[in-house]
Amino acid sequence: MDAEKKLDNVGIAEIKKYINNRYPFLLIDGAYEIVPGVSSKGYKNVTVNENFFQGHFPDDPLMPGMLQIESLFQMLSLTVLTVKGNEGKSLRINFADKIRLKTRVLPGSRLDIDTELTEWDGMKGRGTAKGMIDDKEACSAEFLFELVEE
């Protein structure tokens, strides 16, 4: 797939044009760079006000690992959903592999996310994603996914 025009400094309002998730399940806050069909880089600001901290865990808040992985996948989704013709569609995970949860993601953290689309046939694909906190790897995963129209 030929790379389309790169998008820089994409805020939450524009992200919502591409990703159908909404609060409390929109788990990314911005993108530094999106190269449609190639890669995306962005972040999730983790604040103590997140609803999941009420129960995970009240005295020792920690972002649940599967929500970390969902954040990674949402950033990867921007790589595909910003490709011309994919607007208004969604990606669904078929398989997540090589999941690594290496560092606790705590309130006040900024999870910087870097993704790459490694395979794409127009409907199904594969990609990798990594989340970093202060230049230290916090989480990573590989995904198989498919494009769906809603």
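Rounded to two decimals, the Cα radius of gyration of segment 1-96 over 2.2 N^0.38 Å is 1.14.
You can think of it this way: the chain between Asn94 and Phe52 has 12.7 nm of extra reach, that is 0.36 nm per residue less the Cα-Cα gap. Across segment 134-143, coupling constants 3J(HN,Hα) worked out from phi with the 6.51/-1.76/1.60 Karplus curve, θ = phi - 60°, read 6, 6, 10, 5, 9, 7, 7, 6, 10, 10 Hz, and Gly and Pro carry x.
Each label was represented as a point 7 Å from its Cα along the Cα-to-Cβ direction; for Asp8 and Val148 these points are 3.6 nm apart. Our helix-only sum for the chain, with -39,500 (n - 2.57) per DSSP H run of n ≥ 4 divided by its residues, gives a mean residue ellipticity at 222 nm of -5000 deg cm²/dmol.
Given a cut-off of under 8 Å on Cα pairs at least six residues apart, what relative contact order in percent is computed for the chain?
Working: 345 pairs, mean separation 36.8, N = 150.
Worked out over the chain, it gives 25 percent.
Taking all protein chains into account, the per residue accessible area for segment 61-100 stands at 40 Å² (1.4 Å probe). Using Cα atoms only, what is the angle between the long axis of helix 65-81 and the major principal axis of the chain, expressed in degrees (0 to 90) to the nearest 10? Helix 65-81 sits roughly 20 degrees off the main axis of the chain.
Quote the charge dipole size of the chain about the Cα centre in Debye, to the nearest 20; the model charges only the Cβ of Lys and Arg (+1) and of Asp and Glu (-1).
Details: 19 positive and 24 negative charges, 15 e Å.
For the chain, the charge dipole is close to 80 debye.
The values are calculated or read from the model by the stated rules, or taken from the named source; none is laboratory data. No experiment lies behind these values; they were computed from the predicted model shown. Because the Cβ atoms are built from the backbone with ideal geometry, glycine has one as well, and the counts that use them run over all protein chains shown. Ligands, DNA and RNA are excluded from the accessible area calculation, which covers all protein heavy atoms including side chains. Shrake-Rupley method; radii C 1.70, N 1.55, O 1.52, S 1.80 Å.
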